[in-house]
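The values are calculated or read from the model by the stated rules, or taken from the named source; none is laboratory data. This one's a predicted model, so the numbers in the text were calculated from it and none came from an experiment. Note that we place each Cβ from the backbone using ideal geometry, even for glycine, and neighbour counts take in every protein chain shown.
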Amino acid sequence: MICITDGEPNDDDAHELTKMLIEAGNKIKAGPHHPNSLGVQFVQIGGDVKAAEALGKLVQADTGNIVDTVPYAGPGTISPDKLERILLGGLHPNIRALRVP
C-alpha cells in the first residue's frame, strides 16, 4: 500500500493509525504469512517537520517492519531510482534499506 501525505495526522488519527499498523504486523507474525506479504509505504510530499516526525514514529513503532517512509521535497520529477524505492520499498527489505536522493 502506498500512502502519499503532505502533513501530520489530525486529532487522534496518528494514535489509531499506529495501533492499526501494530495489530497488522502482529497478525502477520502470528500467521502463516511471509514477513514481506504486507508493506505500507508513506511518501511525504513537502518538508513539513511535524509530518516527518509523525512518519518517523510510525517507522519506529513495533509494526513488524511493515512500514517504510520516503520523503520527496520536489520540485521537479522523481528519478527512476526514487520511483523504484517508493513502489517497492514497502515490500522488499533490500530496497527499503536504500536511501535514494
Subject >> Tally of residues being over 11 Å from the mean Cα position of the chain (by Cα) and either surrounded by 14 or more Cβ atoms within 10 Å (Cβ to Cβ) or modelled with pLDDT of 85 or more (or both) across the range 64-82 >> reply: 4
**OP:** Inspect the range 26-40 for any residue being loosely packed, with under 13 Cβ neighbours inside 10 Å, closer than 23 Å to Asp6 by Cα and under 16 Å from the mean Cα position of the chain (by Cα) and give the result as yes or no.
**Re:** no
Subject >> Some residue of the range 2-24 being at pLDDT 85 or above and among the basic types (Lys, Arg) >> reply: yes
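Return a yes/no flag: does the range 54-62 have any residue that is closer than 16 Å to Cys3 by Cα, in a helix (DSSP H, G or I) and free of Cβ contacts under 8 Å to residues at least 24 places away in the same chain.
Yes.
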Original post:
Quick check, is Leu87 surrounded by fewer than 20 Cβ atoms within 10 Å (Cβ to Cβ) and either in a helix (DSSP H, G or I) or modelled with pLDDT under 80 (or both)?
Top reply: yes
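Checking the condition part of a helix (DSSP H, G or I), farther than 14 Å from Thr69 by Cα and without any contact (Cβ under 8 Å) to a residue 24 or more places away in the chain, which residue from Lys19, Lys29 passes?
Lys19
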